[in-house]
1. With N residues in the stretch 331-382, what two-decimal value do you get for its Cα radius of gyration over 2.2 N^0.38 Å?
2. How are the C-alpha pair distances of the stretch 81-240 spread across 10 Å bins, as whole percents from the shortest bin up?
3. Which of the residue pairs LYS177/LYS264; LYS177/LYS258; LYS209/LYS258; LYS146/LYS358 have a Cα-Cα distance greater than 28 Å in the structure shown?
4. Translational D (Stokes-Einstein, µm²/s) of the stretch 56-158 at 4 °C and 1.567 mPa s when Rh comes from the Kirkwood sum over C-alpha pairs?
5. At a Cα cut-off below 14 Å, give the aspartates and glutamates reachable from LYS39, other chains included and same-chain residues fewer than 8 away excluded.
6. Evaluate 2.2 N^0.38 Å with N set to the residue count of the stretch 287-349, then give the Cα radius of gyration divided by it.
7. For the stretch 286-388, which trypsin sites (Lys or Arg not before Pro) pass both filters: DSSP loop (anything but H, G, I, E, B) and at most 14 other C-beta atoms within 10 Å?
8. With θ set to phi - 60°, apply the Karplus curve 6.51 cos²θ - 1.76 cosθ + 1.60 along the stretch 316-323 and write out the HN-Hα couplings as whole Hz, x wherever there is a Gly or Pro.
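Values quoted throughout were computed directly from the atomic coordinates according to the rules given, and no laboratory measurement underlies them. All values reported here derive from a predicted model rather than from experimental measurement. Cβ: placed from backbone, ideal geometry, glycine included. Neighbour counts: every protein chain shown.
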Amino acid sequence: MHRGIFSARSLEKTRVRGLTLFALLAIVAASSAAQSTFKLLHTFSGSDGNAPAGNLVLDAAGNLYGVTTFGGVSCPDDTGYGCGTLFRITPSRAFSVLHKFAGGAAGEFPAGGLTADSTGVIFGTTLGASKCRVGMPPGTCGSIFKFSSAGGFVLLHNFRPYLDGVGPYGTLTLDAKGNIYGTTSNFGPHSSPRGLGTVFQLNPAGALKVLHTFLGSTTGDGSAPEGRVLLDSAGNIYGTTIQGGLGCAPQGCGTVFKIDSAGKETIVANFSSPTAWTVGPSLVRDSTGNLFGTTYFSAGCCGSVFEINGAGEETILHDFTNKAKEGSAPMGLVRDAAGNFYGAAQAGGLYGYGTVFKIDTAGKETTLYNFTGGADGAYPPRQRHSGL
């Protein structure tokens with residue numbers, strides 16, 4: 001297997017040991033298939049990391065920061081792959097490991113993306129062990145951390161199954177006051193029925209507050225939130241769940257949700273066959289409040305890019321099919337100033353190993369790059385590696 005990070009113009013991708021995740025930078029320049037270029041930035045060996053995950057962060061000096069879920073040093077819950085690393089790549093392509101996760105109270109298995117504040121401090125999460133349960137040591141059910149050149153690595157919070165949820169997969173979101181927002185994929189503070197994930201806020205003092213506990217399709221709610229949440233100027237929070245809702249019994253095909261500043265949750269959209277499962281790492285919101293995202297499956301078989309307007313009406317902007325060797329199972333989007341979308345498809349394309357694509361404002365899809373399964377890797381974004 002090829003293990004590395006590459007750049008396809010302003011798109012950043014990671015590939016390692018059967019787990020491939022695609023990270024998109026916040027700003028994407030307009031591109032075309034003819035202009036796209038491919039460059040390998042780093043290949044992981046194991047001691048420096050294994051299974052790079054989530055989105056990369058670019059600082060003002062042009063350094064890239066990211067995490068690997070495995071690799072580094074052994075830990076109490078070691079699966080033979082190590083507990084993960086935090087790394088940096090400079091503009092000159094120099095690679096360094098900034099932190100090696102050690103397990104337990106020190107955190108283990110980072111799998112979400114990174115985010116940074118205006119001063120360059122980096123924030124991220126760890127999943128914890130797949131055996132997470134009540135009574136296990138701190139850190140084995142997930143954690144939130146920060147890193148800075150001045151202060152080094154600092155753990156901010158360790159998750160507890162029935163108090164604040166477990167398994168934070170999504171990239172964190174920061175507000176102007178320094179509050180941190182995110183999701184956990186399972187459990188949460190609810191006795192009956194059992195919680196199925198949470199949305200939380202961590203304030204600058206280190207106090208965590210659960211804003212919502214998801215209860216699943218039996219209550220009409222979503223379940224298993226795994227993406228990044230969005231904040232608007234009014235303090236509303238938007239996000240997705242990959243299961244739950246009113247469509248596709250019994251588990252549900254996923255939802256788009258809103259939590260207002262008073263903590264009230266509203267289901268904005270319920271997904272049902274054939275446009276099922278919202279699994280992109282985050283939604284995209286434009287200046288008028290329209291929401292955009294991706295689904296795994298669709299009427300055309302292979303996933304879609306959708307829009308939800310302010311009235312909650314869903315429109316399919318593009319339906320991926322097997323025709324013309326398009327990709328399949330798109331995951332995650334970024335939007336440029338002209339309204340074009342960029343993302344990656346987990347499979348399909350000319351060789352069946354996935355693609356990088358662009359969708360213009362008219363819904364036309366252009367494949368910018370086809371993965372060959374060789375030195376450039378295969379299956380760019382992959383779903384989470386374990387089932388917490």
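1. Numbers: Rg = 11.3 Å, N = 52, 2.2 N^0.38 = 9.9 Å.
Normalised Rg, Cα atoms only: 1.15.
2. Whole-percent P(r) values from 0 Å outward: 11, 41, 34, 12, 2, 0.
3. Violating the 28 Å limit, Cα to Cα: LYS146/LYS358.
4. For the chosen part, D equals 95 µm²/s.
5. GLU12, ASP376
6. Scaled against compact globular proteins, the figure is 1.13.
7. Listed in order of number, the matching sites are LYS364.
8. The phi angles translate into 8, 7, 8, 10, 6, 10, 7, 6 Hz.
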